[in-house]
Amino acid sequence: MLRQIISWPGIVATLILSACGSSAHQDAPPTVPDRVDRLGEIEVVTHTHTARNANHDTWGQYQDWSLRWRGQPLEIASVGGMWLDKPTREHAVHSVFVVGATERDDLLVLVGDPNNAAVFHRISQDGGQLASPLACKTFGGDNAVRVLEGPQSGALYQGPNYRSLSGPSQLLLGRHCVYDTATRRSAAVPELPSGYAFPYGASAVALSPDRRSLARVASIEDRIEAVVAELDGQDWRRLPIDPARMRYVRFEDIDPAWILHHFEWRRGPDGRDRLRERPGFKPLAWRGAYLSGSAQYNVPHLAADQTETFTDFLSRFPNAKRLPDYRWEHSGQVDRRVEIEQETVVVMSDGFYVSLTGKPYWPGQPGDPKLQEALVRRLGAAFDAELASGRHDALFATAPKPR
């Protein structure tokens, strides 16, 4: 099997070879020789390039690829230009995916301008013959590969890649096509109606059981909706989302499981699957969210200032001690504060955080950011448990907006 040849899965990113901000001049690192992987009669050549980083005193590496067929450089007959309507001959390859079913493998490669308009091609070798048909045109730099079905279902690959996707798969190429690795066919995804958008980080994508329709969640003005399109069709059908019952924390947290909790595919008399709201679904519990890399917890979609609610909650925590309020001299803002495990926890209108003192600390002792973040996680989990009980349902707005 060809996929055994590729043994280094992972997104290829810039490799920083020294700490940023170093003032010492560094010579260029040694040249890295090309790496060649043979896949049948196709060779994938990995080119490693060296360049100075933005601060000019450190070096980084990046990679791209080219292909050879029977030892000769492979040119791919493609299309380019702003509208991908001009014939081109492509040598450089920005991403390489080894895809296929049990008995054979193909390459799915991205060529063109990856930051604007680019093209996916399928490279196959059958009976000693090479074929490189166009698989999908992508625009606006939107050329990520998302696995909709298959062993790596749910995985999203962005930027330069060289990896193997084992077994038959359904792949979403950017937002433009669904590619079936078993049948080697692409189906077009229609353009969204004017005013609709898939916000950055949106991961809610679901393929119908008959593989003929695609469901997503899109934003329009101050609301979100479920949208469904038949592949190779022209339009999207829109289904309302009731945010009071179909609860979410952040838009990017909505995933395929969220869609299938609130909606279901039903096969119609014409044999096609269509999405509809799932009758009698149980609303998910409200939850809070943690600020990445910080000891902070917030609860989105609250209807009003809930400083009193969070002050009461923290004051009830075991061995908590209510501290005097702190008034900021210039703004007049008053902070509610509670001491828990020798840390000062500050209340906000929608959550709380552990105050940073700026003083020296010993690892594992009060003041250690790792301990502070762990404390906020425990406090947040305790408040999430209260939310799950339904105790605080009345605190929430009936129409949370996309974030």
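The values are calculated or read from the model by the stated rules, or taken from the named source; none is laboratory data. Because the structure is predicted, anything quoted here is derived from the model rather than measured. When we count neighbours, we look across all protein chains shown, and the Cβ atoms used for this are built from the backbone with ideal geometry, even at glycine. Side chains are part of the model used for accessible areas, which takes the heavy atoms of the whole protein and leaves out ligands, DNA and RNA. Shrake-Rupley method; radii C 1.70, N 1.55, O 1.52, S 1.80 Å.
With the requirement that a residue be closer than 25 Å to Arg391 by Cβ, open to solvent by 70 Å² or more (accessible area, probe 1.4 Å) and outside any helix (DSSP H, G or I), what does segment 298-338 give you?
Of everything in segment 298-338, those that are closer than 25 Å to Arg391 by Cβ, open to solvent by 70 Å² or more (accessible area, probe 1.4 Å) and outside any helix (DSSP H, G or I) turn out to be Asp305, Arg316, Pro318, Asn319, Lys321, Arg322.
If I ask for residues that are among the small types (Gly, Ala, Ser) and modelled with pLDDT of 85 or more, which ones from segment 1-60 would you list?
First, pick out the residues of segment 1-60 that are among the small types (Gly, Ala, Ser): 7, 10, 13, 18-19, 21-24, 28, 40, 51, 54, 60.
Hit for segment 1-60 is Gly40, nothing else.
List every residue pair whose Cβ atoms sit under 6 Å apart, with the two residues 6 or more apart in sequence or on different chains, where the first one lies in segment 288-312 and is farther than 15 Å from Asp253 by Cβ and the second, anywhere, is open to solvent by 40 Å² or more (accessible area, probe 1.4 Å) and among the acidic types (Asp, Glu).
Close Cβ pairs satisfying both conditions: Ala295/Glu373; Leu302/Asp350.
If Gly174 meets every condition in (1) at positive phi; (2) open to solvent by 20 Å² or more (accessible area, probe 1.4 Å) apart from one, which number is that one?
Evaluating Gly174 over (1) at positive phi; (2) open to solvent by 20 Å² or more (accessible area, probe 1.4 Å) leaves (2) as the failure.
Mind listing just one residue for me: the one in segment 31-80 that is assigned to a loop (DSSP other than H, G, I, E, B) and within 28 Å of the chain's Cα centre (by Cα) and, of those, surrounded by the most Cβ atoms within 10 Å (Cβ to Cβ)? Lay out the reasoning, then the answer.
Taking segment 31-80 as the starting set, the residues that turn out to be assigned to a loop (DSSP other than H, G, I, E, B) are 31-34, 40-41, 53-58, 70-71, 74-75.
Those still in the list that are within 28 Å of the chain's Cα centre (by Cα) too: 53-54.
Numbers: Asn53: 14, Ala54: 7.
So, considering only residues that are assigned to a loop (DSSP other than H, G, I, E, B) and within 28 Å of the chain's Cα centre (by Cα), the one surrounded by the most Cβ atoms within 10 Å (Cβ to Cβ) is Asn53.
What is the residue count in segment 208-238 for residues that are part of a strand (DSSP E or B), open to solvent by 10 Å² or more (accessible area, probe 1.4 Å) and in contact with an Asp or Glu (Cβ under 6 Å, 6 or more places away or on another chain)?
Of the residues in that region, 1 qualify.
Filter segment 244-273 for residues that are open to solvent by 40 Å² or more (accessible area, probe 1.4 Å) and assigned to a helix (DSSP H, G or I) and give the result.
Residues satisfying the conditions are Glu252, Asp253, Pro256, Ala257, Leu260, His261.
Take the residues in segment 360-403 that are over 24 Å from Thr344 (Cβ atoms) and modelled with pLDDT under 90; name whichever of them is surrounded by the most Cβ atoms within 10 Å (Cβ to Cβ).
Pro400
Pairs under 8 Å by beta carbon, first residue under 16 Å from Gln333 (Cβ atoms) and in a strand (DSSP E or B) in segment 345-370, partner open to solvent by 50 Å² or more (accessible area, probe 1.4 Å) and among the hydroxyl-bearing types (Ser, Thr, Tyr), six or more apart or different chains?
Val346/Tyr353
Filter segment 195-225 down to the residues that are of a type in the set (Gly, Ala, Ser), at pLDDT below 95 and more than 17 Å from the chain's Cα centre (by Cα) and list them by number. Steps first, answer last, please.
Residues of segment 195-225 of a type in the set (Gly, Ala, Ser): 195, 197, 201-204, 206, 208, 213, 215, 218-219.
Cutting the leftovers down to at pLDDT below 95 gives us 195, 197, 201-204, 206, 218-219.
Matches in segment 195-225: Gly195 only.
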